[in-house]
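Throughout, read-outs are computed from the coordinates displayed, never taken from laboratory work. Nothing here was measured: the structure is a model prediction, and the numbers come from that model. Cβ: placed from backbone, ideal geometry, glycine included. Neighbour counts: every protein chain shown.
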Amino acid sequence: MEENKLDETMEETLAEAETEAETAEEAAEPNEAEVSAEAAAEEKKPQKKGKKKKKKSKRDRVFNILIIILCCVLIFSAAQLVISFIGYQQNDKVQNEVASIFYSSTTGETEDSQMQGETGTTVWDWVPETETILNEEGEEETTMVNEFHGGWSIQSLVDENSDCVGWIHINNTVIDFPVMLCPEDQDNYYLHYSFYKSYLYAGVPYMNASANTLGGEHQNYVIYGHRMLNGSMFWDLGDYLEQEFYDENPSFRMILRENGEDVLYKCEVYAAYQTLWNQDYEAWTPSFESDEEMLEYVAGRIEHSQIVTTTEVEAGDTLVTLSTCSSGMGSSYGRLLVHARLVKLGSVPIPNHATQEDLAD
């Protein structure tokens, strides 16, 4: 009996152990809900990675576009610098060639010979001195004490280009250029054309034929020129906005071909300032109906002046206005102007007594 009971107890124990093992196995195996949840989670993981890749890809494209734009800007800027540099070099070359023609005498002598007197004084520094004596009839007569024995003919330039009507020189600056008279139907022709009539951004100083009459009465010769960023052409006109520069250089020199002769002028500055051309049209008035109108104009210019001058303009004077661009007004309309009165120092006849009209034909 006891053995039977023991066997029954062992069987029950084994049955319970098997039941517990099966229960443990079932607990260890995932159910369908858990499997589905895990599968869904796994599917979501790659999708999140894909979104990150897409976001990163968009940022890369934007970055690449910005890099391309920056490169284009740099290339364009570099090209502009190269073009400007080449233009400056070309301008210097042309201006030096023209200066060489002018400063060489018409007889083919050495450079500077026609512009230099016997004592070594150049025509730009020569100051004529006169004295009054009594002639044989007992009348007062004015004679030149220090006559200039060089010359200042612009004929060599006219032979190259009949539009040339003069030369301008300002001491202690780089301004030393020919002055052109534009064709009447192309008032701003020399704005971007050289002395040789080839394209040149810097151009050459010029007057408008439709506005100015050389040798006419009540004239205000308006001469235009670029103010180049490399300090060439009319850049140094800005020096006249400084009182110290004016005090040391109260005048400059010009040669103009007028009425059958090349006239040497001393140009006495009476005003210098910056203005806006679209608000101050009067500044570029080329001629006047009367002395009164001219003197009223001069008074207005002196009021604008940024420097104090000692020049006194008189009735009957001929005026000159030098005009160039200026960034000092904070506008593209900004202009820098220097005004002066012309004082005749002397003249030389045009070779063969030709008239300006003859030379132009």
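Put in line by how crowded their Cβ is, counting other Cβ atoms within 10 Å and starting with the fewest, D317, D125, D176 read D125, D176, D317.
Across segment 153-167, computed HN-Hα scalar couplings (Karplus, 6.51 cos²θ - 1.76 cosθ + 1.60, θ = phi - 60°) run 5, 9, 4, 4, 6, 5, 4, 7, 8, 5, 6, 6, 10, x, 8 Hz from first to last residue, x flagging Gly and Pro. Per-residue 3J(HN,Hα) values for segment 124-137, derived from phi via the Karplus relation 6.51 cos²θ - 1.76 cosθ + 1.60 with θ = phi - 60°, read 6, 10, 5, 10, x, 10, 10, 9, 9, 10, 9, 7, 4, 7 Hz in sequence order (x marks Gly and Pro). Measuring nothing but how far apart in sequence close Cα pairs (under 8 Å, 6+ apart) lie, relative to its length, segment 153-360 scores a relative contact order of 22 percent. With the simple spin-label model, which puts each label point 7 Å out from Cα in the Cβ direction, the L66 to S290 separation comes to 7.0 nm.
Taking 0.36 nm per residue of separation and subtracting the current Cα-Cα distance, fully stretching the chain between D92 and E244 would add 51.9 nm. The H on the amide N of G346, modeled in the peptide plane, is under 5 Å from the matching H of L264, each at least 5 residues off or on a different chain. Between I302 and N171, the FRET efficiency estimated from the beta carbon spacing at R0 = 35 angstrom works out to 0.90. Sorted from longest to shortest, the spans of the Cα atoms of segment 131-213 along the three principal axes equal 60, 30, 23 Å. As a calculated quantity, the FRET efficiency between E312 and N188 at R0 = 35 Å, using C-beta atoms, amounts to about 0.60.
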